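**Q** Dropping the structure in here first, questions after.
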Amino acid sequence: MAHGSNLLRKVAWTLLAGFLSFSVTGLLDKVLNVSLADQLIVTIVIGGVALMVQYLAEVERRLNEAERSQQAAVEELRRLLQRGFESVDEATELMGEIEQSAVRRDLLKQVIHRSAHITPTVLPLVQFLADSETKRLAETLQSLSDGHEVFYDGEDREFMLALTRGIKKSLLATSWATSTAAAVEFEAGFWLTDLGARYLDLQRAAVRRGVDIRRIFILDSPKLRADPDLRRILAMQRSAGIHVRLSDGSGVAQDGGLSDFVIFDEEVCYDTTPVTRREAPGAPWRLTTRIVLDEDTTRHRVERFSDLWENALPLDQADISQNGPAVITGPESLGPA
């Protein structure tokens, strides 16, 4: 349609130029003695020139448009090539980092391949969950690579179980049991939960691998020795092949605070920081979990555990059969360390 309009416009301008030239030569007929044949020749020449000028202008316009289009295409091609080279460089750099990483390459590649399966067609909440887990994994790897500490708000599950699966030499742990003035029946807490059972099973498997596992139960009151749940937990520990001792919590609290810790292979220290809920003052819960990677801090914890172990009593020397009220409380008593 546009091409037809341009053609009609050219024809109209050509006819107009011819008409004007014919009229002008007609007016000059008497002055210049122009014949009709000359008028027609001049009219045809001027009309042809007008048509030629229009076509030349059209050609120039199209050449300019073609040049602009070509420049735009070249710029787009340049951007695509640059983006492609950047992607290749980034992929090459990523593969180089994967090759240098101590993390198994097949696991890293699995993360990349399986993340590609989360397409834009998945539910928004599923996509948000995938983003959150990927971010958490990236932050954890960053903290581990920094080599200092990894913090987790609340009670951790995966870190503790993973470290227990991976130990090869030793596991050194302290477990606190606290009490209140109220005579509330003792709750076994962590060790009778699903997480506690899995943790104990992994320690049993580690003992079969030849791992030395030692645990000190720190009691803040001698009355706790008479509690049947405590004796049950101690029996569970011994049946798993764990070396267990009991310690008086009064001296320990003055020298280190109320905090459980686990040392894996004397290389990584796992701390939990308990607080007391206002609505249940006697029930401690885990506020923060901390994985310490610093060698000096871990060495100090190993030395502290050695001191506690030397001063603690083996079960065959500790009196855990005396009668008396059990006053330890809280769902996290004797918890995960």
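The rows are residues; the columns are (1) at pLDDT 85 or above; (2) surrounded by 12 or more Cβ atoms within 10 Å (Cβ to Cβ); (3) not in a helix (DSSP H, G or I).
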site	(1), (2), (3)
Q110	no, no, no
H117	no, no, yes
T121	yes, no, yes
L129	yes, yes, no
A138	no, no, no
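**Q** Restricting to the stretch 176-192, give me the number of residues that are closer than 17 Å to S259 by Cα, touching a strand residue (DSSP E or B) at 6+ places or on another chain (Cβ under 7 Å) and either modelled with pLDDT under 70 or surrounded by fewer than 23 Cβ atoms within 10 Å (Cβ to Cβ) (or both).
**A** Number of matching residues: 2.
**Q** Can you name every residue in the stretch 49-89 that is charged (D, E, K, R) and modelled with pLDDT of 70 or more?
**A** Looking only at the stretch 49-89, we keep the residues that are charged (D, E, K, R), and these are 58, 60-62, 65, 67-68, 75-76, 78-79, 83, 86, 89.
Hits for the stretch 49-89 are E58, E60, R61, R62, E65, E67, R68, E75, E76, R78, R79, R83.
The values are calculated or read from the model by the stated rules, or taken from the named source; none is laboratory data. Predicted model only: the values in this text are computed from it and were never measured. Every residue, glycine among them, receives a Cβ derived from its backbone with ideal geometry; neighbour counts consider all protein chains shown.
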